[in-house]
Structures are given as structure tokens and as C-alpha cells.
1. Report yes if residue 123 is open to solvent by 20 Å² or more (accessible area, probe 1.4 Å) and in contact (Cβ under 8 Å) with a residue 12 or more places away in the chain, otherwise no.
2. In the stretch 132-142, which residues are surrounded by 12 or more Cβ atoms within 10 Å (Cβ to Cβ), of a type in the set (Lys, Arg) and touching a Gly at 6+ places or on another chain (Cβ under 9 Å)?
3. Looking only at the stretch 143-180, count how many residues are open to solvent by less than 40 Å² (accessible area, probe 1.4 Å) and touching a residue at least 40 places away in the same chain (Cβ under 8 Å).
4. Does residue 160 satisfy being more than 24 Å from residue 28 (Cβ to Cβ) and within 18 Å of the chain's Cα centre (by Cα)?
5. Do the conditions hold for residue 192, that is, is it within 30 Å of residue 5 (Cβ to Cβ) and at pLDDT below 95?
6. Any residue in the stretch 108-120 that is open to solvent by 10 Å² or more (accessible area, probe 1.4 Å) sitting within a Cβ distance under 7 Å of a residue that is of a type in the set (S, T, N, Q)? List the pairs, counting only those 6 or more apart or interchain.
Amino acid sequence: MATSADKAASVFQLLEAGSKQGYIGENISQLEHALQAAQLATQEGADNETVLAALLHDIGQFCSAKELRRMLVEDIGSDDIDVGAVGHEKLGAEYLRRVGFSEKVCELVESHVVAKRYLTATEPQYYEALSKASKLSLKFQGGPFTPEEALAFERDVLFKQKVQLRKWDDAAKIVDLVTPGLDAYKDLAIQHLAAH
């Protein structure tokens, strides 16, 4: 059985692979984007679970569904997941659940796309500030929420954290920004996994 350190190492290998992948439509890597989001969460005093969610919010981007299935089977001995045709936020959240992250971390990861849909429906200036790539991806993510969907989202117990994570996601696109490295979060991930 994998230890919490083994599980964290596996997840962090995916993040490290993100240093070689560009962040879609932006001039930074996937890893730089993740580290910037985590730094913003830390700077704003977010709790540890929210910091981890900020760091891991795009983990589903780092591998294909086929690779994710292989990792679930090889790394944690689970093959009872249907990854189907779903978005990176759902792939990432499911992977993190299977690894052993808390439901809060997983829900925050899974919600960063829906939070974008909420914000585009409720804040006109939010849509205008989105990058070209983010506006394009919104079309494939279901577009802005309807008024009914927005009201339902506002009732979510994690509503504020979900919206804030989305805002960190949007802000975490600064070229050449110096951030703490991935090592700064390894102990946090190991302790989190050991506690869950």
C-alpha cells in the first residue's frame, strides 16, 4: 500500500511534467500557473486545503484520460473509474479523490470551471477581462450560467472559496513571476494525505 509520501510524490510528478507544457493560450507553463495560483492563495491567508486546491486545480490537464486511468490502477490499485468524456476539472478531482485528498480539495478543483461560468453570468466586467483562450474555452464549458444556475451555485457551502479559487486561477498568468517552488508544498500535501 502506498504511503502518503508515495501518493504525494506521484501527484507532484504530474505537476513537474507541467513545467514542460504550456498553459493554453498563455506565455507561462502549466507548472508556473499552478505555483502562482498557490502563492496567491497563501498570500491571501487561505486554509491549507484551499492552498492545495489552488496548486492542484488543473491537475487533470497534465494527463490524458488514458494516462489517468493507468495511474489510478498502477499508483493506487483502483480500476473502477469511468473517465469517459469529461473535462479536466472532473478528471483531476476524481484522480485526487482516489489518491486520498479531502472532499473539500476535490470539490474546489472540480468547481473552478463552474465558478467561471458563474462569474461570467453575474459580473459583465469579468467576461471582458478574460483572456482570449479563456473566452474560447468558456464556449466548450457550457457558457455563462442561467440565472437559475447562478442562484443554485450561490447556495453552495463552498461558494466563496470556489469563486476565489477561480479568481486566483485567472490572475495566475504572469510571465516570469518568481514564486516558491513545488518543494514548498510537498510537506503540506504529505501531511494532508496522512490526515485523510
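The values are calculated or read from the model by the stated rules, or taken from the named source; none is laboratory data. All values reported here derive from a predicted model rather than from experimental measurement. Neighbour counts are summed over all protein chains in view; Cβ atoms, including those assigned to glycine, are modelled from backbone coordinates with ideal geometry. Keep in mind that these areas ignore ligands, DNA and RNA; they rest on the heavy atoms of the full protein, side chains included. Shrake-Rupley method; radii C 1.70, N 1.55, O 1.52, S 1.80 Å.
1. So residue 123 does not fit the description; no.
2. Residues of the stretch 132-142 that are surrounded by 12 or more Cβ atoms within 10 Å (Cβ to Cβ), as a first pass: 133-138, 141-142.
Retained after the next criterion (residues that are of a type in the set (Lys, Arg)): 135.
Listed by number, the list is empty, since nothing qualifies.
3. 10
4. Yes, satisfied.
5. Details: within 30 Å of residue 5 (Cβ to Cβ): yes; at pLDDT below 95: no.
Here the answer is no, as residue 192 does not meet what is asked.
6. These pairs meet every condition: 117/141.
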